[in-house]
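Student: Below is one structure. I have some questions about it.
The values are calculated or read from the model by the stated rules, or taken from the named source; none is laboratory data. All values derive from a computational prediction rather than experimental measurement. Here the Cβ positions follow ideal geometry from the backbone for every residue, glycine too, while neighbour counts run over all protein chains shown. Side chains are part of the model used for accessible areas, which takes the heavy atoms of the whole protein and leaves out ligands, DNA and RNA. Shrake-Rupley method; radii C 1.70, N 1.55, O 1.52, S 1.80 Å.
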Amino acid sequence: MNVVSLQMASQLGISMVGTKAYHLSSLMNQGFNVPNGFVVTTAAYRHYMQPYFHLGSELREEDITLPEPFIQELKQKYWTLLDKKEGVSVAVRSSGNMEDLSEASFAGQYVTVLEVKTLEQLVSSLKKCWLCTLTEHVVEYLRLKKLDDKQSLSMAVLVQEMIHPRSAGVVFTRNPVNAEEEEIMINASIGLGEAVVSSYVTPDLFVVSRSKQQLIAKELGEKESKLQLTEEGTQWIDTSDQERSSYSLSDNEALQVAQLALRIEQEQQYPVDVEFAVQQDSVFILQARPITV
């Protein structure tokens, strides 16, 4: 099975769809607001990449040849997702079978390609996600974590409707700084969440009490710049004085994000760190994983 809907992905398990897609599929089926999409499974990765494994980190995108039947299957799923909507783009995201483990996160080592608008760009982005498993950084990380001899690394690829957020960020259901279990901590900024997740900006901070369900502290961040989508792709733009002096979330939105994260923690049965995005008046869940320190 090469390509499945995101809704079906959780039925196949992590070994077939990777950790990220599996958890998002589960959350979607539990009624959480997750952008719709489909998953290119690890079976496709193993089948189409195996002839090139011997090249290791020397393999390049242009070296990978994909058969026409697979391209047509990808095309059908892509067009079904777009559903003839004008101006719709997708995000293409790596979903490794060993990603977001309690003992290893692979943070920053996998690939996400945003604002993909054509089938050709989708195929190119798929190859980029597959290629990241062969980089020297990932191979060394596996060795350091002593995971290389436990199971074989495989890569699924998640394709989702692109969210164009007003604000985005990450929420921790336990404070990762002081390990305070009573505190839910939210970091948020303007534009795409990559600015927060990758620590490119100083975000706004919100602290919510778990037991009281109240905002107990907030701190205005510098929000020095924002990552926005343009016709040419993503672009860093300096924030205005008004943007820097205003909070990226209202108090009510911060409480809503905290409550969503708590619901996810209850479903997953462990403390979570959740990436979210606010588009118009809707909060979307982009990723949920165990908190790692």
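Student: Does Gln242 count as within 25 Å of Asn36 (Cβ to Cβ), of a type outside the set (A, V, I, L, M) and either at pLDDT 95 or above or surrounded by fewer than 17 Cβ atoms within 10 Å (Cβ to Cβ) (or both)?
Tutor: No: the conditions fail for Gln242.
Student: Name the one entry in Ala277, Ala258, Ala217 that is in contact (Cβ under 8 Å) with a residue 60 or more places away in the chain and either out of contact with any Leu (no Cβ under 7 Å at 6 or more places or on another chain) or of a type outside the set (A, V, I, L, M) (or both).
Tutor: Just one listed residue meets the conditions, Ala258.
Student: Right, here's the next one. Residue pairs, Cβ under 7 Å, 6 or more apart or interchain, first in the stretch 171-191 and closer than 28 Å to Glu243 by Cα and open to solvent by less than 30 Å² (accessible area, probe 1.4 Å), second aliphatic (A, V, I, L, M) and part of a loop (DSSP other than H, G, I, E, B). List them.
Tutor: Ala188/Leu249; Ser189/Val201
Student: If you don't mind, there's one more thing I want to ask. Can you find a residue that is free of Cβ contacts under 8 Å to residues at least 12 places away in the same chain and out of contact with any Leu (no Cβ under 9 Å at 6 or more places or on another chain) anywhere in the stretch 200-208?
Tutor: no
Student: Continuing with the same structure: Being assigned to a loop (DSSP other than H, G, I, E, B) and open to solvent by less than 80 Å² (accessible area, probe 1.4 Å) is the filter here, so list the residues in the stretch 248-293 that pass it.
Tutor: Answer for the stretch 248-293, where residues must be assigned to a loop (DSSP other than H, G, I, E, B) and open to solvent by less than 80 Å² (accessible area, probe 1.4 Å): Ser248, Leu249, Ser250, Tyr270, Pro271, Ile291, Thr292.
Student: Same structure again: Val197 - would you say it is under 20 Å from His23 (Cα atoms), out of contact with any Ser or Thr (no Cβ under 9 Å at 6 or more places or on another chain) and crowded, with 16+ Cβ neighbours inside 10 Å?
Tutor: yes
Student: Name the residues in the stretch 204-235 that are modelled with pLDDT of 90 or more and more than 22 Å from Glu181 (Cβ to Cβ), would you?
Tutor: Asp204, Leu220, Gly221, Glu222, Lys223, Glu224, Ser225, Lys226
Student: Given the conditions (1) closer than 22 Å to Ile163 by Cα; (2) open to solvent by less than 70 Å² (accessible area, probe 1.4 Å), and given that Ser209 satisfies all but one, which numbered condition is not satisfied?
Tutor: Of everything listed in (1) closer than 22 Å to Ile163 by Cα; (2) open to solvent by less than 70 Å² (accessible area, probe 1.4 Å), Ser209 misses just condition (1).
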